[in-house]
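K.L.:
Here it is, the structure, as structure tokens.
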There are 2 protein chains.
Amino acid sequence: MAAISSITIRHARRDDVGVIVAMLVDDPLGSARERLEDPLPPSYFRAFERVDRDQNIQLVVAEDNDGAVIGCLQLCILPGLSSQGASRGLIEDVRVASHCRSRGIGERLVRWAVAEAREKGCKLVELLTHSTRVDAQRFYERLGFARSHVGMSLRF
Amino acid sequence: MAAISSITIRHARRDDVGVIVAMLVDDPLGSARERLEDPLPPSYFRAFERVDRDQNIQLVVAEDNDGAVIGCLQLCILPGLSSQGASRGLIEDVRVASHCRSRGIGERLVRWAVAEAREKGCKLVELLTHSTRVDAQRFYERLGFARSHVGMSLRF
């Protein structure tokens, strides 16, 4: 498939929530965790409102030429004292629609996030990727990320 | 050494910034990254102000019986769409003063953060710990965390 060069990255709107959840579901890990129902559980819209209100968080989508949403990413800018008080960027929930993978869309989203974090004064961008996502780890290494940390989690 | 049972966990204040930076420096990784100078570089105070203003971030310290600050931890509550719109807790910058280690202070701080994240509606608490911090990984495993993810980073 050819690389899509002309995607647009823009902030997500409330009416994107359904397509974003559909991308979260279309994933080996997400399929067990999400509920893609009609109507969509209101918890997703409440979460969107919390994200939308938070000045340190940007939820963005990638839109193709026809205005279809085909990818998403969340970037948090986290202030903190360490590294001489430099903020950190945290990249989360990177997804590309399954019929649009391997076309450079994820790369465009991640490069956008890195540039945006840098612009906001971050000295570091971090992310956690599930141990089973070996392809994702190779993808991030190709973009310059190091496998520097162990990501640990506790689910309730 | 006996466990300290009577430490107090409270929000950090501006006049704690020096002792927090001293704990960040007193660490194999932090010693190369921080600048413990007198006066302290203003970037640390600017970072403290950003943290203090952010309603989703709590920087806390552990205080001993005599009011000395002997530990710190930062907890971010991050909204997001995944996991049915559940917020995530992110634990960062956990440090205990070197002369007070192995006395349960880190455990008290992390248990506080987990309880607080749960209270705020999180379904998940995450953290990144540097690959070289093998003792820290064992510590978090003992507190119920799984080594579920690869933590990746890009420093500018």
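K.L.:
Of all residues in the range A:110-156, count the ones that are more than 8 Å from chain B (Cβ to nearest Cβ) and closer than 26 Å to B:R50 by Cα.
P.N.:
Within the range A:110-156, residues that are more than 8 Å from chain B (Cβ to nearest Cβ) and closer than 26 Å to B:R50 by Cα number 10.
K.L.:
For the range B:54-111, give me each residue that is among the polar types (S, T, N, Q), buried (at least 18 other Cβ atoms within 10 Å of the Cβ) and under 23 Å from B:R13 (Cβ atoms).
P.N.:
Scanning the range B:54-111 gives B:N56, B:Q58, B:Q74.
K.L.:
When B:L143 is evaluated against the numbered criteria (1) closer than 16 Å to B:I9 by Cβ; (2) touching a Lys or Arg at 6+ places or on another chain (Cβ under 8 Å); (3) free of Cβ contacts under 8 Å to residues at least 24 places away in the same chain, which criterion, by number, is the only one it fails?
P.N.:
(3)
K.L.:
A further question follows. Can you give me the ranges of the helices (runs of 4 or more DSSP H) entirely in the range B:1-104 with at least 3 residues that are in contact (Cβ under 8 Å) with a residue 24 or more places away in the chain? Lay out the reasoning, then the answer.
P.N.:
Numbers: elements: B:17-25, B:30-33, B:42-53, B:82-85.
It comes to B:17-25, B:42-53.
K.L.:
I've got another one for you. Could you tell me whether B:D54 is farther than 26 Å from A:V60 by Cα and over 13 Å from the mean Cα position of the chain (by Cα)? Full working, then the answer.
P.N.:
Working: farther than 26 Å from A:V60 by Cα: no; over 13 Å from the mean Cα position of the chain (by Cα): yes.
Here the answer is no, as B:D54 does not meet what is asked.
K.L.:
Being crowded, with 19+ Cβ neighbours inside 10 Å and more than 9 Å from chain B (Cβ to nearest Cβ): is that true of A:I7 here?
P.N.:
Working: crowded, with 19+ Cβ neighbours inside 10 Å: yes; more than 9 Å from chain B (Cβ to nearest Cβ): yes.
The answer is yes for A:I7.
K.L.:
Can you name the residue in the range B:16-38 that is over 22 Å from B:T129 (Cα atoms) and touching a Phe, Trp or Tyr at 6+ places or on another chain (Cβ under 9 Å) and is also nearest to the other protein chains (Cβ to nearest Cβ) among such residues?
P.N.:
Step by step, filter the range B:16-38, then rank; the result is B:V17.
K.L.:
Which one is farthest from the chain's Cα centre (by Cα), of the residues in the range A:135-156 that are loosely packed, with under 14 Cβ neighbours inside 10 Å and farther than 23 Å from A:A62 by Cα?
P.N.:
Top of the filtered list is A:F156.
K.L.:
On to the next question. So how many residues does the range B:76-109 have that are within 11 Å of another protein chain (Cβ to nearest Cβ) and over 16 Å from the mean Cα position of the chain (by Cα)?
P.N.:
To start, the set of residues in the range B:76-109 that are within 11 Å of another protein chain (Cβ to nearest Cβ) comprises B:76-95.
Now narrow it down to the ones that are over 16 Å from the mean Cα position of the chain (by Cα): B:79-87.
Of the residues in the range B:76-109, 9 are within 11 Å of another protein chain (Cβ to nearest Cβ) and over 16 Å from the mean Cα position of the chain (by Cα).
K.L.:
Let me ask you something else. Just for the range A:112-131: of the residues that are surrounded by fewer than 18 Cβ atoms within 10 Å (Cβ to Cβ) and closer than 25 Å to A:A22 by Cα, which one is nearest to the chain's Cα centre (by Cα)?
P.N.:
So, considering only residues that are surrounded by fewer than 18 Cβ atoms within 10 Å (Cβ to Cβ) and closer than 25 Å to A:A22 by Cα, the one nearest to the chain's Cα centre (by Cα) is A:W112.
Read-outs throughout are calculated quantities, based only on the coordinates presented, and are distinct from any laboratory measurement. Remember, it's a predicted structure, so these values are computed and weren't measured experimentally. All Cβ positions, even for glycine, are placed from backbone atoms using ideal geometry, and neighbour counts span all protein chains on display.
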